[in-house]
1. Amide H neighbours of Gly104 under 5 Å, counting only residues 5+ apart in sequence or on other chains, H built in-plane at 1.01 Å?
2. If I model a spin label as a point 7 Å beyond the Cα along the Cα-Cβ vector, how far apart are those points for Asp235 and Ser214 in nm?
3. For the pair Arg204 and Thr166, how long in nm is the line joining their label points, each one 7 Å along Cα→Cβ?
4. As a footprinting exposure proxy, order Tyr58, Tyr217 by other Cβ within 10 Å, with the fewest listed first.
5. Report the full-extension gain for the segment Asp51 to Gln189: residue separation times 0.36 nm, less the Cα-Cα distance, to one decimal in nm.
6. Could you tell me, in Å, what Rg and Dmax come out for the Cα atoms of the chain?
7. What is the local net charge at Ser168, summed over the other residues whose Cβ is closer than 12 Å to its Cβ (Lys, Arg +1; Asp, Glu -1)?
8. Give me the distance in nm between label points sitting 7 Å out from Cα along the Cα-to-Cβ direction at Glu41 and Lys68, one decimal.
Amino acid sequence: MNLLLLLALFSQSSERLETWRQLQMLAIEPNLHHVQGIDTEDKLLWISSVDAKAGKGYLSKIDAASGKLLAQVEVQQGKRIHPGGITLDGDSIWIPVAEYDRDGPTTIERRNKHTLALESSFEVNDHIGCIAAGKSFLIGGSWSSRTLYQWTKSGEQLLKAPNPITTSWQDLKMDGDLLMGSGQITRQQGAVEWVSIPDLKLVRRILTGATDKSFSYAHEGMTYRNGKLYFLPEDFPSRLFVFEAR
């Protein structure tokens, strides 16, 4: 049955139920080990992932029709092997690369979305697990997004605040003026949430359920494009799930 997302949506003080239908399930061909973040555009998919045993982090460009690998670069820097949730920003991709330590430091990398080459970077003295890009700023979440940061795109910190939302966000995106976060509430119950900034008030929440392998859809990578939700919840063999509102 393809109507897998029975959703509770919250908009201000109103609550209503919707269903979203599955449009696609795509098998990702290469072994990306432990997947982290995703973004998509123009029939392409970018994925961040980590191989902790080998001590390597990756940014991969994937054909969104076939799931085949088009390009891949290593992004680790010494002990900083853990790339987090990523986001497209014009011709660039922002990707945090942290130590495998909830309190360890992070390098925020800006890479070219075409070549995957490093363009610039700045340092943060915390584990940044996900990042979103606005028109003139970046927002990042710490380990499980318990703390939220806002920076200029040159790395100047503008804001540091506790996250009032208890869902363990693993990937962040901007949807207009709203910040989107996705993550787990329990092992099989996930959520995608929209919050206003800078006050961090919940505007909308979607409860997502789990795959047939018992992974919450919001377990790892998430993006939202043209009214469609994209999820990459599973490690190798990884599958991309695409949904739209019915």
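Nothing in this text is a laboratory measurement; each read-out follows from the coordinates by a stated rule. What you see is a predicted model, and the numbers here were worked out from it, not measured in a lab. Cβ sites come from the backbone with ideal geometry, for glycine too, and all protein chains shown count toward neighbours.
1. His127
2. 1.6 nm
3. If labels sit at Arg204 and Thr166, their model points lie 2.4 nm apart.
4. Tyr58, Tyr217
5. So the extension gain works out to 47.1 nm.
6. 16.5, 49
7. Charge balance in the 12 Å sphere: 0.
8. Here the modelled spin labels are 2.4 nm apart.
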